[in-house]
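Okay, so here's the structure we're looking at.
The values are calculated or read from the model by the stated rules, or taken from the named source; none is laboratory data. Just so it is clear, the model here is predicted, and its values are computed rather than measured. All Cβ positions, even for glycine, are placed from backbone atoms using ideal geometry, and neighbour counts span all protein chains on display.
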Amino acid sequence: MDRSDYDRIERRDRRSQRIRKTVTYTLLTVWAIMVLFPFYWMVLTSIKSYSSYNSEYVPKFIAEAPTIRNYIDAFTTVPLARYFTNTIIFTLITTALMLVVTVLAAFAFARLEFRGKNIVFTLFLALMMIPSELVIITNFQTITDLGMRNTFQGLILPSVTSVFYIYLLKENFEQIPDELYKAAKVDGTSDLKYLTKVMIPICRPTIITVVILKIIECWNSYVWPRLITDDQAYFLVSNGIQEIRENGFGRENIPAMMAAVVVISVPLIVLFLIFRRKIMEGVSRGGTKG
Amino acid sequence: MEVTLQNLTKIFPSRNRKSKESVTAVSDFSLTIPDGKLIGLLGPSGCGKSTLLNLISGLEKPTSGRIFFGGDDVTELPPEVRGVGLVFQNYALYPHLTVLQNILFPLENLKGDKKLTKQQMLEKANEAASLVQISEYLERKPSQLSGGQQQRVAIARALVKMPKILLLDEPLSNLDARLRLQTREELRRIQRETGITTIFVTHDQEEAMSISDMIVVMKEGVLNQIGRPQDVYDEPVNLFVAKFLGTPPINVFRGRVESERLMIGNESVLEVKGVSDREVWIGVRPEGFIPCENGTLTCAQTAIEVMGRDMTVVASHPDCENANIRAIISSEMKVCESAKEARFDLKPNKTFIFEAGSGERIACGPVPLA
Amino acid sequence: MKNDRKAWLYLLPAILFLGAFMVYPLVDVLVYSFEEGYNSASQTFMGVGGYNYSYVLHDPYFLQAVKNTFILVIITVPVSTGLALLISLGLNSIKKLKELYQTVYFLPYVTNTLAVGLVFMILFKKTAYTEGMVNMLINLFGGKSVDFIDGPYWAKMFVLCFYTVWIVLPFKILILTSALASVKQDYYNAAKVDGASKWRIFTRITLPMISPMIFYLVITGFIGAFKAYSDAVALFGTNLNAAKMNTIVGYVYDMLYGDSGGYPSYASAAALILFGIVFTITVINLMISKKQVQY
């Protein structure tokens with residue numbers, strides 16, 4: 001190879017690198033727009049007035065006369081505030097109960113020795129493979145038979161346990177060295193105190209992850225609330241928005257509907273932006289959607 | 001293939017957004033490596049030797065300076081057209097491919113008139129495999145091999161395409177002590193047999209000294225000294241090089257020159273003609289001590305370690321930088337084990353004098369006191 | 001002994017909840033599926049046998065739901081996995097703005113499927129008042145407007161697939177980006193020095209190294225797509241049978257509750273058929289992946 005060959009290779013290398021970079025960024029930006037566009041559109045639509053929205057045969061990309069009218073409508077003409085409070089109550093209680101139940105179980109599996117531990121744990125793991133669609137039918141019957149339709153108990157009870165979170169916490173608890181437990185025992189600490197004073201603080205990152213994942217799950221749950229409630233007083237945001245879509249606002253008031261959508265979407269997005277790292281890490285550790 | 005590095009500099013922008021500091025990994029580095037030699041690139045960890053290797057291989061582009069292979073300027077060339085073989089510290093064998101597939105991998109990449117037939121590839125792969133003596137493991141996966149065997153596969157993979165230059169990044173550091181000794185001789189043999197210019201990076205001075213034709217000592221991205229191992233050992237250019245080479249390490253004393261006499265504490269140990277008065281560092285190789293009843297340097301003796309062939313007098317001195325002075329002397333010498341005091345004369349050719357500030361060697365021929 | 005009792009005490013809440021809402025229902029759903037002519041109101045049944053299965057398998061709504069679900073699975077699983085791989089490769093090759101892109105791509109994961117589905121509906125919908133955003137784009141490129149929400153079957157299927165991909169992509173991108181990042185740089189450097197082309201590095205090194213994660217995504221992708229439901233509701237409303245857009249899970253719930261509900265036996269049979277399908281496909285997937293993933 002002589003000088004000119006080298007020059008040619010150099011030039012080709014530099015050019016192909018530039019092209020690759022441009023293509024990559026273009027592609028990534030295109031998908032970013034695809035992701036963001038629906039969010040933009042929902043905010044945009046929510047601040048257009050009903051009449052201006054309906055007069056735009058060809059939709060406009062900006063709102064010429066932005067209004068908060070739709071947000072007021074969303075809270076006054078449909079019980080959006082009710083759905084919202086219900087969801088918060090449901091989410092908080094379910095998450096709290098879930099936390100108590102899973103932490104206790106994970107502690108037993110990770111720290112205590114008892115006969116049949118392995119068998120029980122294997123059975124627990126086997127349950128992870130059961131799709132919720134299978135058990136929901138009977139749960140529907142059970143809750144109906146117990147007369148708990150249209151109650152918070154009915155909404156919450158079947159949503160409490162998650163084998164996956166027990167598994168996740170157990171793995172984390174087991175990483176705490178035995179010596180700490182022995183030291184605590186020597187000092188006369190009870191198991192429960194050891195759990196609350198030592199294990200939980202040490203495993204706080206995982207616990208926070210579990211809590212956030214559960215909150216997301218609760219906030220988005222649709223199937224169960226839809227099955228178990230037909231009284232609007234107990235609707236959550238998911239079936240609430242569906243109700244708004246089908247029977248709300250009288251005429252097809254799309255801007256008002258979008259205002260409701262924005263209100264429902266904001267809490268989780270804010271939560272996500274605050275705990276971005278934790279959420280993404282937690283999800284990649286094994287949480288699938290739904 | 002002769003390799004020439006000309007004023008090579010590599011500056012990494014800072015990773016941390018908060019600190020604006022950039023890191024200069026290699027600084028104004030010039031060096032010519034003669035054809036067919038085995039070169040040891042030596043320095044403490046973080047001194048930029050791996051970066052230098054990446055610059056030569058083309059994985060990194062220098063910030064400034066040029067690289068020549070033979071007469072060709074390859075500075076801007078991508079790695080694949082440079083014709084270098086590279087062996088990684090952790091071998092980087094593809095875990096999903098067998099040994100044979102790993103070795104064939106570089107050959108399958110050849111394009112155009114260099115393209116080989118399947119038969120030719122197999123021949124070359126077998127040749128490389130037998131050179132590093134792994135022919136019997138060709139069908140295994142890397143995970144089924146020991147560390148030493150993986151190392152050989154990595155070398156075979158680097159050699160199979162007949163590179164102009166072979167680069168090895170800490171090739172022995174993942175092996176246990178016994179294997180390391182064996183493999184380094186193996187490396188020497190393979191290099192001799194192939195005659196490929198080979199540069200290997202290490203932080204282990206013993207490793208570098210034992211097999212290299214030439215060693216290159218660098219510190220903080222700067223070339224300190226280059227030369228045959230013995231030459232560098234015998235004539236270090238500065239305190240850093242003197243301290244870096246040799247086990248046990250050189251003994252360093254604070255001292256000064258007073259009217260052409262070299263002083264440690266109140267004792268004058270050697271005569272240094274033509275050196276003006278100043279503060280200095282005095283480095284004495286362990287083999288540079290001669291026990292002598294009325295020797296010029298008085299130390300407190302702590303222990304005698306007998307090794308058989310020779311022995312070590314362990315001593316201390318208030319002006320010595322090292323916690324312990326180690327003097328290696330022939331076991332035929334008579335020393336008193338229970339003595340509280342040890343007195344030595346210093347061998348002039350094993351004693352080096354450095355500027356107190358810069359650590360640069362002061363060129364002078366010290367002679368014993370008259 | 002004492003220890004044993006204490007341990008069970010810690011486990012008790014979990015066992016109670018799981019027993020009542022997972023283990024018992026599991027047995028019960030099997031029983032339901034074989035009880036013929038079960039009446040919700042009186043809780044009586046006429047006989048035991050396979051009639052429920054045969055009814056479900058002959059129900060045109062169910063067959064439509066199976067067809068829809070299979071189309072959805074066959075389209076969205078490969079498309080979303082491929083797209084996620086492409087995007088992750090892009091993400092992994094850049095440094096600037098990487099975190100920003102990652103954050104943006106993850107957003108659909110934290111949104112309420114039902115709520116954002118409404119946005120997709122208005123984007124694609126064509127009404128008397130408005131063409132809709134997407135149709136405007138189609139017109140711009142000289143195409144004819146289509147009503148994607150109440151129009152032809154293929155158009156509705158397209159929106160459903162599009163929305164499903166949009167929803168499932170964040171998870172896949174997340175998993176693949178971290179899988180790609182865990183491939184050691186040394187392998188790429190070694191291949192680069194050996195002169196492997198970009199494409200060869202991708203097929204011979206990157207793909208085999210991340211193949212376990214790809215198979216994991218394909219398997220979970222299949223399972224997830226077979227259970228599709230709420231995305232369809234979000235786009236087409238609760239009366240999916242009328243829209244001819246029902247899914248198997250949707251059929252199960254419709255049998256259970258709502259205007260067409262009150263038939264837990266049929267629902268159970270349909271749910272078990274779904275479980276059978278998912279189980280079979282997962283096993284097949286696992287068998288293939290055993291062959292492919294080699295280390």
For the stretch C:237-260, pairs from a residue that is basic (K, R) to a residue that is surrounded by fewer than 16 Cβ atoms within 10 Å (Cβ to Cβ), with Cβ under 9 Å and 6 or more apart or across chains, are C:K244/C:Y153
TODO: Return yes or no: is B:E76 away from chain C (no Cβ under 13 Å), among the acidic types (D, E) and part of a helix (DSSP H, G or I)?
DONE: no
For the stretch A:110-132, the count of residues that are within 8 Å of chain C (Cβ to nearest Cβ) and assigned to a helix (DSSP H, G or I) equals 4
Condition set part of a helix (DSSP H, G or I) and of a type in the set (F, W, Y), scope the stretch A:30-58, selection farthest from C:L169 (Cα to Cα): answer is A:Y50
- Out of curiosity, is B:S50 in contact with a Pro (Cβ under 8 Å, 6 or more places away or on another chain) and either crowded, with 18+ Cβ neighbours inside 10 Å or not assigned by TED's automatic domain parsing to the domain that holds B:L167 (or both)? no
Exactly one of A:F114, A:F90, A:F140, A:F109 is in the same structural domain as A:S162 (by TED's automatic domain parsing) and touching a Phe, Trp or Tyr at 6+ places or on another chain (Cβ under 6 Å), and that residue is A:F109
Note on the stretch A:161-207: residues of a type in the set (S, T, Y) and closer than 23 Å to A:M128 by Cβ are A:T161, A:S162, A:Y165, A:Y167, A:T206
Going through the stretch A:229-272 in order, the residues found to be more than 8 Å from chain C (Cβ to nearest Cβ), in a helix (DSSP H, G or I) and either surrounded by fewer than 24 Cβ atoms within 10 Å (Cβ to Cβ) or on the phi > 0 side of the Ramachandran plot (or both) are A:Q232, A:A233, A:Y234, A:E243, A:N247, A:V262, A:V263, A:V266, A:P267, A:V270
Considering residues that are in a helix (DSSP H, G or I) and not hydrophobic (A, V, I, L, M, F, W, C), the number found within the stretch A:59-78 is 5
Expected single match for away from chain A (no Cβ under 12 Å), farther than 30 Å from A:A259 by Cα and either within 22 Å of the chain's Cα centre (by Cα) or touching a residue at least 24 places away in the same chain (Cβ under 8 Å) (or both) among C:L30, C:L86, C:L91, C:L57 is C:L57
Residues of the stretch A:133-149 being in a loop (DSSP other than H, G, I, E, B) and either modelled with pLDDT of 90 or more or under 16 Å from C:I15 (Cβ atoms) (or both), in sequence order, are none
Look at C:V193 and say whether it is under 26 Å from C:G276 (Cβ atoms), surrounded by 24 or more Cβ atoms within 10 Å (Cβ to Cβ) and either at pLDDT 90 or above or within 14 Å of chain B (Cβ to nearest Cβ) (or both). no
Those residues of the stretch A:2-25 which are of a type in the set (S, T, Y), under 23 Å from C:K95 (Cα atoms) and surrounded by 11 or more Cβ atoms within 10 Å (Cβ to Cβ) amount to A:S16, A:T24, A:Y25
Exactly one of C:Y101, C:Y109 is buried (at least 17 other Cβ atoms within 10 Å of the Cβ), hydroxyl-bearing (S, T, Y) and touching a Pro at 6+ places or on another chain (Cβ under 7 Å), and that residue is C:Y109
Note: among C:S178, C:S265, just one is in contact with a strand residue (DSSP E or B) (Cβ under 7 Å, 6 or more places away or on another chain) and more than 14 Å from chain B (Cβ to nearest Cβ), namely C:S265
Filter the stretch B:129-150 for residues that are within 14 Å of chain C (Cβ to nearest Cβ) and under 15 Å from B:Y91 (Cβ atoms); the one that is surrounded by the most Cβ atoms within 10 Å (Cβ to Cβ) is B:Q150
Being surrounded by fewer than 22 Cβ atoms within 10 Å (Cβ to Cβ) and away from chain C (no Cβ under 14 Å) narrows B:T117, B:T98 down to just B:T117
Exactly one of A:P201, A:P225 is free of Cβ contacts under 8 Å to residues at least 60 places away in the same chain and part of a helix (DSSP H, G or I), and that one is A:P201
With the first residue restricted to the stretch B:151-169 and required to be more than 12 Å from chain C (Cβ to nearest Cβ), and the second required to be in a loop (DSSP other than H, G, I, E, B) and among the small types (G, A, S), Cβ contacts under 6 Å at 6 or more apart or on different chains are B:K164/B:G83
Kindly indicate whether A:Y83 is surrounded by 14 or more Cβ atoms within 10 Å (Cβ to Cβ), modelled with pLDDT of 90 or more and assigned to a helix (DSSP H, G or I).
yes
